[in-house]
1. Need one value: the accessible area of Y168 in square angstrom, 1.4 angstrom probe, rounded to the nearest 10.
2. Enter the Cα centre distance for the pair the range 169-200 and the range 27-99, rounded to the nearest angstrom.
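The values are calculated or read from the model by the stated rules, or taken from the named source; none is laboratory data. Since this is a predicted model, take the numbers as computed values, not measurements. When the accessible area is computed, the model is the full protein with side chains, heavy atoms only, and any ligands, DNA or RNA have been set aside. Shrake-Rupley method; radii C 1.70, N 1.55, O 1.52, S 1.80 Å.
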Amino acid sequence: MDEPARPRRMAPVPSEIPAGPTAEELMVRVAKGDERAFELLYDQFAGPIYGLVRRIVRDAAQSEEVAQEVLVELWRTATRYAPAKGSALNWAMTLAHRRAVDRVRSARASTEREQKATFEAARGRPFDEVAESVAARLERSQVRRCLSFLTELQRESVLLAYYQGYTYREVAEVLSTPQGTIKTRLRDGLIRLRDCLGVTA
């Protein structure tokens, strides 16, 4: 009895789906002000950046805030990225590490200032923070002015996330809106804030 013929192996069909742009290519486009490229880069980098920041900062709400600051910094400083010096992700993670460490140091310094103020007050001498207070008021005033240029939905999302410490999920629940939409609102709102504040790369 003859053996049944073995089925011939089909040659692999090359994929016709083109590969998406690399992170390095996206950075070049972001440096030219391409907002769509920034959206794609945001989706690629948001998770790794948040993970690194969370390991350093610990607090979930502060980690989300710092991660968003890093992503805004990527948008603002994309022109400084040099592909010859390493991958875009490594560059972004370096920014994230620096920003997270700065946040931890800032929190520690703030605690030390409060302790010093308490100590000085106990000794009957006021602790002079006038310059710092004036600078903070000016910054808040400028941010408030720029917030007025956002759409109502963008403004609600930004205020909940950055001024009340809500997470994406909590903002979505408060506004009865899908998390993906909240993420887009925050991203677009941050871009508009950056432009309003006149920050240049």
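1. Approximately 50 Å² for this residue.
2. 16
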